[in-house]
Each structure stands twice: as C-alpha cells, then as structure tokens.
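In what follows, a structure is listed as structure tokens, so that the remarks can point back to it.
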Amino acid sequence: MVAKVTGERQLDFRQILKLQFDEYESETKRLVQGLTDEERRFMPSGDSHHIDFALWHATRAEDVLLNLGAREQDQTWTNEGWSDRFGIPAEDLGLGYSAEQVRGMPPTPIDLLLAYYDAVRKVTLEYVATVDPDELDERCPFEPLHTQLPGITKGGVLAHMVVEPAQHLGQIGYIRGIVRGLNG
C-alpha cells in the first residue's frame, strides 16, 4: 500500500489519507469563511439543505464512521459533550433528515460547527496515523452501516470517509456559489 508521488518519495496509504483530510479541511474552512448566518442557512429549494446542515452532517458522518465503524470507540459527539452544546440529542447520528428537520436545526454559530469539526478531525488524523493495515480487512463492527454498505470492512469505512466529505464539500461550494456568485 505505497504510492509513488514524485521522484524517490513514496507515500503509504496513511499519508495519502492525511493529505486528503488536510485538503478537505482547508477547502471546507475556505468555503465557509466570511459567510453570514443567513447565507449559511440559505436553502436552494424547499426540500434541500443549507451549509450549516451539510457541515454538521459531514462531521457527524465522519465521527460515526470513524469511531463506531473503525475504532470501535464512543463518538466524539457524546464523549466531549457536543450534543449538549448543539442542543441536539446525543443519539442523533445526523442521518436521514427530512427538509423539515433540516429547517428545524437550531441556528448554530460557525465557531461551534468548526470546533466540532476540528475535534472530530483530530481523532481521525490520530487514527489514520496509527492504523494497522491488517485491521482494514476486518468486518466493520457497527451493524447499522451494513444496511447501507453490506459487508463493509474497516478499510471500506476509511474509503467511505473519502467519499462522504467530498459530496458535502461539493454541496457547500454549490450553495456558496448560489449566494455569493462565482467569485464570492
């Protein structure tokens, strides 16, 4: 599991994952920077979602996938009291929301959204730096993931952690473009 990038330098899968997560982080923060609360809560249609929800959901998904799906540990959401700070129940996984539920999400300061994002990302990077490649073929222990992703392994969880934030990063960029234009 080694990729040659340039010259004699070789990156293993852990380093590639870290580069990917670092790039998502910098791009996510760039996209939300300077947006007003109203701009972040703009919904392009009545049955869509807003930037705050996309950022919160992507972070919840990373927290759930990483901690329940790969690390077999409690979520950062519950361990560090984030559910209380957000005013959202601890058992809420952030999945399967209707447009009405998205509209009903409590207004959330961007600093709180990014603090939770940073807390989850810290745990993600610690895990990625130390994961044993032999664990990656083990079956994911979090059974609810198997209804969406049958037979998923811990390695599959990490792969999905590449896809999930990419989708939501695109949504955030799209909504920002609607409210600010191409160069906003």
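The numbers here are math on the coordinates, done by the rules we state, and not lab data. As the structure is a computational prediction, the values presented were derived from the model and not from experiment. Backbone-built Cβ (ideal geometry, glycine too); neighbour counts: all protein chains shown.
Can you name the residue in the range 97-142 that is of a type in the set (Val, Ile, Thr) and surrounded by 11 or more Cβ atoms within 10 Å (Cβ to Cβ) and, of all such residues, is farthest from residue 162 (Cα to Cα)?
108
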request  = Return yes or no: is residue 150 closer than 24 Å to residue 76 by Cβ and in a loop (DSSP other than H, G, I, E, B)?
outcome  = no
ask   = Considering the range 71-119 alone, what residues qualify as being touching a Pro at 6+ places or on another chain (Cβ under 9 Å), assigned to a helix (DSSP H, G or I) and under 23 Å from residue 153 (Cβ atoms)?
value = none
inquiry  = Among the residues in the range 49-60, are any closer than 30 Å to residue 178 by Cα, among the hydroxyl-bearing types (Ser, Thr, Tyr) and in contact (Cβ under 8 Å) with a residue 60 or more places away in the chain?
reply    = yes
